[in-house]
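*Asks:* I have a structure I would like to understand better, so I am pasting it below and will then ask my questions one at a time.
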Amino acid sequence: MQEILNRIDWEKQELLPVIVQDVATNEVLMMAYMNKEALKLSLETKTAHYFSRSKQRLWKKGESSGHIQTIHSFNIDCDNDTLLIKVTQEGVACHTGRKSCFFTELESGETISEVEVDTTAAYGVIDTLYHTIQERKNSDPSESWTAKLLHKGENTILKKVVEEAGEYCFAHKDNDEEEMVYEAADLTYHMLVALASKNISPDRIKQELARRFGMSGIAEKNSRDDK
């Protein structure tokens with residue numbers, strides 16, 4: 001196994017670009033990255049594992065949706081720094097519910113394939129909303145509030161986060177349950193816009209919360225103060 005891993009030029013980059021192709025049709029489904037651990041797991045299990053730059057962790061393709069990829073072949077390019085894998089795709093490859101991630105024509109902006117699977121339930125509303133916000137980055141600001149926020153930049157986004165946090169606090173102080181839910185939703189949305197502007201996946205927030213289980217609040221604060 002080590003001999004195979006050493007065929008990759010890891011000195012050039014820690015993350016190996018991976019092109020994913022349908023074994024039956026040769027359609028390009030997606031592009032992702034593997035680190036050494038992800039490639040090792042993929043070689044051992046013949047199930048695709050990648051390293052997510054936004055989540056900053058190893059992930060098994062289909063871990064949430066069940067849309068796994070069974071690998072039939074691994075091919076390295078002539079520079080030993082890009083991988084092509086051929087797979088059998090269960091379900092769809094793209095988080096949008098489309099078969100391939102390459103569904104937008106660059107010059108016209110036209111969508112060239114339709115959604116085949118509703119992935120909202122699989123990924124959850126927070127992850128789905130985050131991905132939708134990311135997709136709005138290149139939208140016309142006059143047609144989308146999200147695109148307008150992202151276009152205006154950091155100061156506008158942070159002003160809205162502070163504003164929505166204040167409105168939630170007023171609703172909480174007034175003991176208005178319906179308004180608390182409404183303002184918490186507004187705050188969550190604007191926090192996700194702020195995170196998306198920095199390409200920080202909400203999965204990393206979940207990881208941090210999971211890390212804190214079994215740790216007292218005092219110990220957690222002390223761990224940050226020591227950094």
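The values are calculated or read from the model by the stated rules, or taken from the named source; none is laboratory data. All values derive from a computational prediction rather than experimental measurement. Here the Cβ positions follow ideal geometry from the backbone for every residue, glycine too, while neighbour counts run over all protein chains shown. Protein only, heavy atoms only, side chains kept; ligands, DNA and RNA dropped before computing areas. Shrake-Rupley method; radii C 1.70, N 1.55, O 1.52, S 1.80 Å.
*Asks:* With the condition kept exactly as written, say whether any residue in the stretch 68-77 is more than 24 Å from SER42 (Cα to Cα), outside any loop (DSSP other than H, G, I, E, B) and open to solvent by 60 Å² or more (accessible area, probe 1.4 Å).
*Replies:* No; the residues of the stretch 68-77 include none that is more than 24 Å from SER42 (Cα to Cα), outside any loop (DSSP other than H, G, I, E, B) and open to solvent by 60 Å² or more (accessible area, probe 1.4 Å).
*Asks:* Residue check: is ALA210 out of contact with any Asp or Glu (no Cβ under 6 Å at 6 or more places or on another chain), loosely packed, with under 15 Cβ neighbours inside 10 Å and at pLDDT 95 or above?
*Replies:* Details: out of contact with any Asp or Glu (no Cβ under 6 Å at 6 or more places or on another chain): yes; loosely packed, with under 15 Cβ neighbours inside 10 Å: yes; at pLDDT 95 or above: no.
Considered against the rule, which asks whether it is out of contact with any Asp or Glu (no Cβ under 6 Å at 6 or more places or on another chain), loosely packed, with under 15 Cβ neighbours inside 10 Å and at pLDDT 95 or above, ALA210 comes out as no.
*Asks:* When you go through (1) surrounded by fewer than 18 Cβ atoms within 10 Å (Cβ to Cβ); (2) of a type in the set (S, T, N, Q); (3) modelled with pLDDT of 90 or more one by one for SER64, which number turns out not to apply?
*Replies:* Among (1) surrounded by fewer than 18 Cβ atoms within 10 Å (Cβ to Cβ); (2) of a type in the set (S, T, N, Q); (3) modelled with pLDDT of 90 or more, SER64 violates only (3).
*Asks:* Inspect all residues belonging to the stretch 189-200 and state whether any of them is farther than 28 Å from GLU110 by Cα, among the aliphatic types (A, V, I, L, M) and part of a helix (DSSP H, G or I). Show your work before the answer.
*Replies:* Within the stretch 189-200, the first condition is being farther than 28 Å from GLU110 by Cα, and the residues that meet it are 191.
From what's left, among the aliphatic types (A, V, I, L, M): 191.
Those left that are additionally part of a helix (DSSP H, G or I): 191.
For the stretch 189-200, residues farther than 28 Å from GLU110 by Cα, among the aliphatic types (A, V, I, L, M) and part of a helix (DSSP H, G or I): present.
*Asks:* Mind counting the residues in the stretch 139-184 that are open to solvent by 60 Å² or more (accessible area, probe 1.4 Å) and over 29 Å from GLY109 (Cα atoms)?
*Replies:* 18
*Asks:* Also, I was wondering about something else. Going by what's in this entry, would ALA165 be described as touching a helix residue (DSSP H, G or I) at 6+ places or on another chain (Cβ under 9 Å), touching a residue at least 12 places away in the same chain (Cβ under 8 Å) and either of a type in the set (Gly, Ala, Ser) or assigned to a helix (DSSP H, G or I) (or both)? Working first, answer last.
*Replies:* Working: touching a helix residue (DSSP H, G or I) at 6+ places or on another chain (Cβ under 9 Å): yes; touching a residue at least 12 places away in the same chain (Cβ under 8 Å): yes; either of a type in the set (Gly, Ala, Ser) or assigned to a helix (DSSP H, G or I) (or both): yes.
Spelling it out, ALA165 is indeed touching a helix residue (DSSP H, G or I) at 6+ places or on another chain (Cβ under 9 Å), touching a residue at least 12 places away in the same chain (Cβ under 8 Å) and either of a type in the set (Gly, Ala, Ser) or assigned to a helix (DSSP H, G or I) (or both).
*Asks:* For ILE126, only one of the following conditions fails: (1) of a type outside the set (Phe, Trp, Tyr); (2) surrounded by 13 or more Cβ atoms within 10 Å (Cβ to Cβ); (3) more than 16 Å from the chain's Cα centre (by Cα); (4) outside any loop (DSSP other than H, G, I, E, B). What is its number?
*Replies:* (3)
*Asks:* Name every residue in the stretch 78-101 that is surrounded by fewer than 16 Cβ atoms within 10 Å (Cβ to Cβ) and of a type in the set (A, V, I, L, M), in order of residue number.
*Replies:* Of everything in the stretch 78-101, just one residue is surrounded by fewer than 16 Cβ atoms within 10 Å (Cβ to Cβ) and of a type in the set (A, V, I, L, M), namely LEU84.
*Asks:* Can you pull out the residues in the stretch 99-112 that are part of a loop (DSSP other than H, G, I, E, B), in contact with a strand residue (DSSP E or B) (Cβ under 9 Å, 6 or more places away or on another chain) and without any contact (Cβ under 8 Å) to a residue 60 or more places away in the chain? So that I can check it myself, show each step before the final result.
*Replies:* Of the stretch 99-112, the ones part of a loop (DSSP other than H, G, I, E, B) are 99-103, 105-110, 112.
Narrowing the set further to residues that are in contact with a strand residue (DSSP E or B) (Cβ under 9 Å, 6 or more places away or on another chain) leaves 99-103, 105, 110, 112.
Scanning the stretch 99-112 gives PHE103, GLU105, GLU110, ILE112.
*Asks:* Hey, which of the strands (runs of 3 or more DSSP E) in the stretch 1-56, taking only ones fully inside, have at least 3 residues that are in contact with a Phe, Trp or Tyr (Cβ under 9 Å, 6 or more places away or on another chain) and open to solvent by 30 Å² or more (accessible area, probe 1.4 Å)?
*Replies:* Result: 28-34.
*Asks:* Kindly indicate whether ALA219 is assigned to a helix (DSSP H, G or I), open to solvent by less than 70 Å² (accessible area, probe 1.4 Å) and either at pLDDT 90 or above or under 16 Å from ILE126 (Cα atoms) (or both).
*Replies:* Spelling it out, it is not the case that ALA219 is assigned to a helix (DSSP H, G or I), open to solvent by less than 70 Å² (accessible area, probe 1.4 Å) and either at pLDDT 90 or above or under 16 Å from ILE126 (Cα atoms) (or both).
*Asks:* Could you list, ordered by first residue, the pairs with Cβ atoms under 7 Å in which the first is in the stretch 14-42 and of a type in the set (Lys, Arg) and the second is surrounded by 16 or more Cβ atoms within 10 Å (Cβ to Cβ), at least 6 apart or interchain?
*Replies:* Going by the 7 Å Cβ cut-off, the qualifying pairs are LYS36/TRP10.
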